[in-house]
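Reading through the structure tokens given below for one structure.
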Amino acid sequence: GMHYYGFPLETARVAGGVTGAEVRLDEIEFTTAGGRGTGKAALYRSGDTRRLGFDLNVNGTDLARAIRAGEEYQANRRGQKIAATTGSKFIQRATGGRLDVALSAEGQPGDLASFTGTGNAAITGTELGEIQLFGLLSQVLSGLSLKFSSLKLDSARTSFKLDQGRLQFPDLKISGPSAVIDGHGDFMLANDALNFTAKFKPFAESDNPLTAIIGIVINPITSILELRLSGVLTEPRWSVIVGPADTP
């Protein structure tokens, strides 16, 4: 296998040119975690430093393998030993999902905290309640007699901003045929810290088509539920706060 600054790649093909101190890669094609990526990049000097700017799109990535690739990248970046995949419940439960990501960013090669940029991501094709992060949420909601595992949330979409080692998610939406979670928050790349707030909106089951379209909530308490996600990615902590709703 190959690595680019610690990130695992399966295959890569590039075409470009050199002009003075600038290296341009006008055509980039690669595969990673079962997905195919395309893009372009330029490496150039700005004063005494080198700068790397790029536009990349990766589609059809296997979610379980993408999680593994992210873990491998973080381990390589920190000089840590890569843990074995055997017995990883997080990986096993992500089987079947697909991840699509687009990112445009610029910074100093090898210094992740220096990069700034924007992008978007989508997860589809898997039961999110079976993934560890959301499985823990189901335990919290069960205490309120809200069975998360029955809500069949099967997709997640968001835009994001990369700035000084922090991923900011302003419009995270996790949805399915019977519920929606709207959230926003930050993820710190240096220590995998999570800081998210979200609104949880399960829909009522009804034979009335109009009711189904409007998506009336199951009971009034759900309209004032606020979810908080903290901790780190390997040990996330969910909490539920009941208070006045910001919106009807």
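Taking 21 Å as the cut-off for C-alpha to C-alpha distance, list the pairs among Lys173/Lys199; Lys40/Lys81; Lys40/Lys161; Lys81/Lys161 that go past it.
Working: Lys173/Lys199 10 Å; Lys40/Lys81 31 Å; Lys40/Lys161 19 Å; Lys81/Lys161 29 Å.
Exceeds cut-off: Lys40/Lys81; Lys81/Lys161.
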Amide H neighbours of Leu153 at under 5 Å, excluding residues fewer than 5 places away on the same chain, with H built from the backbone geometry, are Leu128, Gly129
Cβ neighbours within 10 Å, averaged per peptide: list 2-13, 190-201 in order, most packed at the top.
190-201, 2-13
³J(HN,Hα), Karplus 6.51/-1.76/1.60, whole Hz, each residue of region 64-78, x for Gly, Pro
4, 6, 5, 4, 5, 5, x, 5, 5, 4, 4, 5, 5, 5, 9
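Can you give the FRET efficiency to the nearest 0.05 for Asn76 and Leu25, using r as the Cβ-Cβ distance and R₀ = 25 Å? Walk me through the numbers on the way to the answer.
Details: r = 22 Å, r/R0 = 0.87.
In this case the efficiency is close to 0.70.
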In nanometres, what is the gap between the two model label sites at Glu106 and Ala190, each 7 Å from Cα along Cα-to-Cβ?
2.4 nm
Cut-off under 5 Å, modelled amide H: who pairs with Thr118 long-range
Ser104, Leu162
Stretched fully, the stretch from Arg157 through Arg13 gains (0.36 nm per residue minus C-alpha distance, one decimal, in nm) 48.9 nm
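Set the Förster radius R0 to 22 Å, insert the Cβ-Cβ distance between Arg166 and Arg50 as r into 1/(1 + (r/R0)^6), and round the FRET efficiency to 0.05.
On the way: r = 22 Å, r/R0 = 1.02.
Taking R0 as 22 Å, the efficiency between Arg166 and Arg50 is 0.45.
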Based on the mean of other beta carbon atoms within 10 Å per residue, what is the order of 15-24, 58-67, most packed first?
58-67, 15-24
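Every read-out reported here was derived from the displayed coordinates using simple, explicitly stated rules and does not represent laboratory data. These numbers were taken from a predicted model, which means no experiment stands behind them. Note that each Cβ is placed from the backbone with ideal geometry, even for glycine, and that neighbours are counted across all protein chains shown.
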